[in-house]
Amino acid sequence: MSNSELTADDARRMASRSGNKYVAEFEGLIERAAKDGKRGVLLCYTDCNADEHAAISVFERRGFSIVRRSENVGGTMQHPAYYAEW
């Protein structure tokens, strides 16, 4: 691997230091779900972008359980998604 390649660890460090907008967005989703008495919330679908994946890593480090599962909505199986659970 060359020195110019970005690793997953590099991306996680950058997300935790930078103003990754998805960290704030996911914090809002989690906060609203917790206020509603829920024990988990859908963060994003698995085909999300790199910034969303980096934000998910931030929440894993914060101690949230991040699970990946599919959801059946109206009789149609939706794409797998990432959920934060607490």
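Over the stretch 35-86, the pair-distance histogram of Cα-Cα distances with 5 Å bins from zero comes to 5, 20, 26, 24, 15, 8, 2 percent, rounded to whole numbers.
Val73 to Glu85: extension gain in nm, 0.36 nm per residue of separation minus the Cα-Cα distance? Can you show the working numbers first?
Numbers: separation 12, 0.36 × 12 = 4.32 nm, distance 1.98 nm.
Full extension from Val73 to Glu85 adds 2.3 nm.
Spacing of the modelled spin labels on Thr46 and Arg61, each 7 Å from Cα toward Cβ, amounts to 2.4 nm.
Bear in mind these aren't lab numbers, they're just calculated from the coordinates by the rules spelled out. Being a predicted model, the structure only gives us computed values, none of them experimental. As a convention, Cβ positions derive from the backbone with ideal geometry for all residues, glycine included, and neighbour counts pool all protein chains shown.
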